[in-house]
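The values are calculated or read from the model by the stated rules, or taken from the named source; none is laboratory data. Treat the numbers as computed from the prediction; the structure is a model and nothing was measured. Positions of Cβ are generated from backbone atoms using ideal geometry, with glycine treated the same way; all protein chains shown enter the neighbour counts.
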Amino acid sequence: MAYPVSVSVEPNLANRNRLTVAFRLILAIPHMILVGGVGGGLVYRDNPSFSIGSQNGLLGVVAYFLAIVAWFTIVFGGVHPSGIRQFALFYLRWRVRALAYLTLLEDPYPPFGDAPYPASLQVTEPTSPRDRLTVALRILLAIPQFIVLFFILFAWVLTTIVAWFAILFTGAYPQGLYDFGGGALRWLIRVEAYMLLLVDDYPPFSLT
């Protein structure tokens with residue numbers, strides 16, 4: 001059966017807008033502030049280390065706070081409040097569009113809020129009672145996903161940098177890199193939907 005979280009990206013390989021690609025990181029800043037991006041950097045605690053992961057933006061902070069509220073309502077009442085669910089979906093739809101733009105998968109500037117875009121998200125509404133046990137243990141269950149996703153996101157940043165140079169010099173996004181980028185986006189969003197308690201099905205370890 002298909003996973004209940006589906007991310008669609010319309011292929012955009014040739015005749016790319018080199019000017020907006022050249023300044024993509026700057027152009028995407030307003031969206032990154034609101035819904036985050038994918039990034040890495042040096043973290044200094046006791047020892048310096050490199051970390052990479054999703055930065056969730058202002059709306060993401062709200063969405064994950066509400067997910068904590070939803071955790072209690074699902075575990076103890078079996079109910080995911082409609083308003084909390086709808087906000088999480090709104091945030092993730094926006095995030096898909098913003099990440100597709102930031103990582104060069106698409107050229108059109110993403111809308112602020114909900115509007116048609118070449119990158120989109122579909123989440124199937126659950127038809128059965130929520131699995132309270134997997135919700136209660138959600139963070140522990142997601143640890144293998146976090147470990148693998150760390151390396152996926154690291155590779156995604158590197159391949160996006162390579163694609164940035166390729167587009168500037170040739171006007172085209174290499175097919176293999178594009179397919180990987182689209183797969184990485186799908187993987188990330190599936191895990192985020194799982195962590196936001198939108199679905200109970202365990203995310204597949206897959207780029208497709």
Taking segment 52-87 and keeping only residues that are within 14 Å of GLY36 (Cβ to Cβ), in contact with a helix residue (DSSP H, G or I) (Cβ under 9 Å, 6 or more places away or on another chain) and assigned to a helix (DSSP H, G or I), one is left with GLY57, LEU58, LEU59, GLY60, VAL62, ALA63, TYR64
Taking the residues in segment 167-208 that are aromatic (Phe, Trp, Tyr) and not in a helix (DSSP H, G or I) as candidates, determine which candidate is surrounded by the most Cβ atoms within 10 Å (Cβ to Cβ).
TYR173
Find all pairs meeting these conditions: Cβ atoms under 6 angstrom apart; at least six residues apart or on different chains; first residue within segment 97-119 and surrounded by 14 or more Cβ atoms within 10 Å (Cβ to Cβ); second residue aromatic (Phe, Trp, Tyr) and in a loop (DSSP other than H, G, I, E, B).
ARG97/TYR117; PRO110/TYR117
Considering only residues that are surrounded by 14 or more Cβ atoms within 10 Å (Cβ to Cβ) and of a type outside the set (A, V, I, L, M, F, W, C), which ones fall in segment 134-151?
THR134, ARG138, GLN145
Of the residues that make up segment 129-152, is at least one charged (D, E, K, R), farther than 25 Å from ILE26 by Cα and not in a loop (DSSP other than H, G, I, E, B)?
yes
Of the listed residues (ALA88, ALA63, ALA70), the one being closer than 14 Å to LEU196 by Cβ and more than 17 Å from the chain's Cα centre (by Cα) is ALA70
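Looking for whichever is of a type outside the set (Asp, Glu) and without any contact (Cβ under 8 Å) to a residue 12 or more places away in the chain here; the options are THR159, THR124, THR170. Which one fits?
Answer to the check: THR170.
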Could you pull out the residue among ILE29, ILE84, ILE68 that is closer than 19 Å to ASP114 by Cα, at pLDDT 95 or above and surrounded by fewer than 17 Cβ atoms within 10 Å (Cβ to Cβ)?
ILE29
